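Contents: one structure, followed by commentary.
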Amino acid sequence: MNRYGRLAMEHWQQVDPARLAALEDPTTFFSTLGDQVEDRVQELQEQLAGPDSPDETYLAKVGRLNAARLQAEEMALAELVWLQPPTAPDPPSATDEYLWALHRALNDDPDEHDQ
């Protein structure tokens, strides 16, 4: 498992342990995910770095390539790894409450009140 796979597994453990526990084979899953992230980083890095400039110095090239790699990692991780924490459903709005009350009133059996 590469560093992206380990990073993803650690992230899932912290953010959504139930989702991690539901995986049948976490090691294989995160190994595959890590490989996908690495491929995506390579692809994005090449696009972001662009072509070499003939008058570019060595240090400028190193800086450009490092910046492209960091940006590519950020993009690939956001695309493939980072999870949003599970959220509780939103509380019902006043409109929802009104509609449910209306639904219950319309579907109420009048014979039940006579007993």
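The set of residues from the range 56-93 being more than 30 Å from His11 (Cβ to Cβ), part of a loop (DSSP other than H, G, I, E, B) and at pLDDT 95 or above comprises Glu56, Thr57. Residues of the range 94-115 that are loosely packed, with under 10 Cβ neighbours inside 10 Å, at pLDDT 80 or above and in a helix (DSSP H, G or I): Ala94, Thr95, Arg104, Ala105, Leu106. Checking each residue in the range 19-44 for being assigned to a helix (DSSP H, G or I) and of a type in the set (A, V, I, L, M) picks out Leu20, Ala21, Leu33, Val37, Val41, Leu44. Restricting the first member to the range 19-45 and to residues that are closer than 15 Å to Ala78 by Cα, and the second to residues that are of a type in the set (A, V, I, L, M, F, W, C) and in a loop (DSSP other than H, G, I, E, B), the beta-carbon pairs closer than 8 Å and six or more apart or on different chains are Leu33/Val81; Gly34/Met1; Val37/Val81.
Of all residues assigned to the range 60-73, at least one qualifies as being at negative phi and within 16 Å of the chain's Cα centre (by Cα).
The values are calculated or read from the model by the stated rules, or taken from the named source; none is laboratory data. Source: prediction; values computed, not measured. Cβ coordinates were reconstructed from backbone atoms using ideal geometry, including for glycine residues, and neighbour counts include every protein chain displayed.
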